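Below is one structure; the comments refer to it alone.
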Amino acid sequence: MRTGKRCALLLSAALSVSGFLFVAGCDNTSTAEPTEVALCTTCGQFKGTAECCAADATLCDSCGLAKSSPGCCVIEKGAESAAVCTDCGQIKGSDVCCQAGAETCADCELVKGSPGCCRLPNS
């Protein structure tokens, strides 16, 4: 009898789990937004945008990147990668990234005047 009860209990548990997976699914995709948007270290623009490495871009005299690009004068020379933080708009990993108390922009809610302020591409 004891073995029968155990089998029934295990079968019941297995059916419950199977039913949950059938209803909920096993999808592992995340709906979370990215925490950063990559910048092109060659031109300073957001990677994959029409402005990225545009042939007619005016270059900044100081840094050599596209003038007024999000990375202009903020990406260190020789950097292999750079990104803008989607939470604050600052350069990801910089001293000012997600700094508490920073004034935010009324339009985009990122840090006012940050490289990503009102410029992050819609994903």
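The table that follows gives values for the structure above.
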{"read-out": "Leading residue by the ranking (surrounded by the fewest Cβ atoms within 10 Å (Cβ to Cβ)) among those in the stretch 68-80 that are of a type in the set (G, A, S) and closer than 17 Å to P121 by Cβ", "value": "S68"}
{"read-out": "Where a residue in the stretch 93-116 is farther than 22 Å from S81 by Cα and its partner, wherever it lies, is of a type in the set (S, T, N, Q), with Cβ under 9 Å and at least six apart", "value": "A102/Q90; A102/S114; C105/S114; K112/T104"}
{"read-out": "Any pair with Cβ under 9 angstrom, 6 or more apart, that starts in the stretch 37-57 at a residue that is free of Cβ contacts under 8 Å to residues at least 24 places away in the same chain and closer than 12 Å to A79 by Cα and ends at one that is among the hydrophobic types (A, V, I, L, M, F, W, C) and assigned to a loop (DSSP other than H, G, I, E, B)", "value": "T42/C52; T42/C53; T42/L65"}
{"read-out": "Condition broken by V23, with the remaining ones in (1) surrounded by 14 or more Cβ atoms within 10 Å (Cβ to Cβ); (2) at pLDDT below 90 satisfied", "value": "(1)"}
{"read-out": "Some residue of the stretch 84-92 being among the hydrophobic types (A, V, I, L, M, F, W, C), crowded, with 16+ Cβ neighbours inside 10 Å and farther than 16 Å from K112 by Cα", "value": "no"}
{"read-out": "Total residues in the stretch 47-66, condition in contact with a strand residue (DSSP E or B) (Cβ under 6 Å, 6 or more places away or on another chain) and of a type outside the set (A, V, I, L, M)", "value": "1"}
{"read-out": "Tally, over the stretch 68-86, of residues that are in a loop (DSSP other than H, G, I, E, B) and either among the acidic types (D, E) or in contact with a Gly (Cβ under 7 Å, 6 or more places away or on another chain) (or both)", "value": "7"}
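The values are calculated or read from the model by the stated rules, or taken from the named source; none is laboratory data. Only a predicted model underlies this, so the values are computations on that prediction, with no experimental measurement involved. Reconstructed Cβ throughout: ideal geometry from the backbone, glycine too, with neighbour counts over all protein chains shown.
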